[in-house]
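Please read the structure below before turning to the comments.
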Amino acid sequence: MAIDDWLLDQLLLKPGQGVVRLYTWSTPTLSLGYHQRAIPSAWRSAARQGRVALVRRPSGGGAVLHAGSLTYALLWPDPPRQRQLAYSLVGTWLAQSLAPLGLALSPGQEEATPPSANCFARSTAADLVGSDRQKRVGSAQLWRRRQLLQHGSVLIDPPSALWQELFGSTPAAPPSAQGLSAAALEHHLNRTVISALGGGPLLVEPLRPQEWEAIDRRRHRFRLS
């Protein structure tokens, strides 16, 4: 989360240079939206027992369990000024990327309301659902001086028992798409991002030591005890 927050600040220093990050998590992690303050006792108990980590996202929305999923972060230097249009364009990219894997997605239909404790408990036009109307992709935004960070989580095969414990419900059933894995998703998203969102070649730029130091200095912003 500190990396994505730092990258958003870099958009102000490097006009026109956007970033796409695709990543998984080394341990099951529950990320809370920036304005989400209530932490249920079940979440704290699971964290104390070391079965899940707790962090805060710089973006909004409800809690997301990062396990059996792929996370994307899009740092967009010149996004559309209408938030829903930005969501729609990214949603189109994601849907087109997943279609070759046999997973048909479309925007959610629920009205936008205050965020639920569980991000995947409802689906608005900012999200993507499968043909069974179950939410597959949840997304949230952070705007900073007209620059955009859009976070999203693509469900693959989330752990049912942990999901039930944390949210009191069952997750969406694993999709029947062939070859749907974090690696396959990353390949398709990388392949389609330029044509879908516009821009020049996609360059891989590892962070330098001094950049890691700058990121480390803001990690405390996203820790939850």
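The values are calculated or read from the model by the stated rules, or taken from the named source; none is laboratory data. Remember, it's a predicted structure, so these values are computed and weren't measured experimentally. Positions of Cβ are generated from backbone atoms using ideal geometry, with glycine treated the same way; all protein chains shown enter the neighbour counts. Heads up: the accessible areas ignore ligands, DNA and RNA and are worked out on the full protein's heavy atoms, side chains in. Shrake-Rupley method; radii C 1.70, N 1.55, O 1.52, S 1.80 Å.
Given the options SER139, SER195, name the one that is more than 27 Å from GLY50 (Cβ to Cβ), without any contact (Cβ under 8 Å) to a residue 24 or more places away in the chain and out of contact with any Leu (no Cβ under 7 Å at 6 or more places or on another chain). Talk me through it step by step, then tell me what you get.
Details: SER139 fails: without any contact (Cβ under 8 Å) to a residue 24 or more places away in the chain.
Within the list SER139, SER195, the selection yields SER195.
Of the conditions (1) within 23 Å of TRP212 (Cβ to Cβ); (2) at pLDDT 95 or above, THR24 fails just one. Which one is it?
(2)
Please state which one of ALA99, ALA126, ALA95, ALA117 is at pLDDT below 95 and touching a Phe, Trp or Tyr at 6+ places or on another chain (Cβ under 6 Å). So that I can check it myself, show each step before the final result.
Values: ALA99 fails: touching a Phe, Trp or Tyr at 6+ places or on another chain (Cβ under 6 Å); ALA95 fails: touching a Phe, Trp or Tyr at 6+ places or on another chain (Cβ under 6 Å); ALA117 fails: touching a Phe, Trp or Tyr at 6+ places or on another chain (Cβ under 6 Å).
Testing whether each residue is at pLDDT below 95 and touching a Phe, Trp or Tyr at 6+ places or on another chain (Cβ under 6 Å) leaves just ALA126.
I'm checking my understanding of the structure. Among residues of the stretch 1-11 that are touching a strand residue (DSSP E or B) at 6+ places or on another chain (Cβ under 6 Å) and not in a loop (DSSP other than H, G, I, E, B), which one is farthest from ARG57 (Cα to Cα)?
Of the residues in the stretch 1-11, the ones touching a strand residue (DSSP E or B) at 6+ places or on another chain (Cβ under 6 Å) are 1, 4, 7-8, 11.
The next check asks that each one be not in a loop (DSSP other than H, G, I, E, B); those that pass are 4, 7-8, 11.
Details: ASP4: 9, LEU7: 14, LEU8: 13, LEU11: 18 Å.
Among those residues, the one meeting the criterion is LEU11.
Please enumerate the residues belonging to the stretch 110-134 that are touching a Leu at 6+ places or on another chain (Cβ under 8 Å) and crowded, with 23+ Cβ neighbours inside 10 Å.
Matches in the stretch 110-134: PHE120, LEU128.
Mind listing whichever residues of the stretch 141-151 are part of a strand (DSSP E or B) and either under 13 Å from GLY33 (Cβ atoms) or in contact with a helix residue (DSSP H, G or I) (Cβ under 7 Å, 6 or more places away or on another chain) (or both)?
GLN141, LEU142, ARG144, GLN147, LEU148, LEU149, GLN150, HIS151
Enumerate the pairs (first residue in the stretch 172-188 and in a loop (DSSP other than H, G, I, E, B); second residue anywhere and at pLDDT 80 or above and open to solvent by 50 Å² or more (accessible area, probe 1.4 Å)) with beta-carbon separation below 6 Å, excluding pairs fewer than 6 apart on the same chain, so at least 6 apart or on different chains.
What qualifies is ALA172/GLN134; PRO174/ASP157; ALA177/GLY102; GLN178/GLY102.
Out of all the residues in the stretch 167-182, is one or more in contact with a strand residue (DSSP E or B) (Cβ under 7 Å, 6 or more places away or on another chain), open to solvent by less than 70 Å² (accessible area, probe 1.4 Å) and under 16 Å from LEU22 (Cα atoms)?
Checking the stretch 167-182: at least one residue is in contact with a strand residue (DSSP E or B) (Cβ under 7 Å, 6 or more places away or on another chain), open to solvent by less than 70 Å² (accessible area, probe 1.4 Å) and under 16 Å from LEU22 (Cα atoms).
Within the stretch 149-166, can you find the residues that are of a type in the set (A, V, I, L, M, F, W, C), modelled with pLDDT of 95 or more and buried (at least 22 other Cβ atoms within 10 Å of the Cβ)?
Once the filter is applied, which keeps residues that are of a type in the set (A, V, I, L, M, F, W, C), modelled with pLDDT of 95 or more and buried (at least 22 other Cβ atoms within 10 Å of the Cβ), the stretch 149-166 yields LEU149, LEU166.
Looking at the stretch 148-156, is at least one residue closer than 20 Å to PRO80 by Cβ and out of contact with any Pro (no Cβ under 9 Å at 6 or more places or on another chain)?
yes
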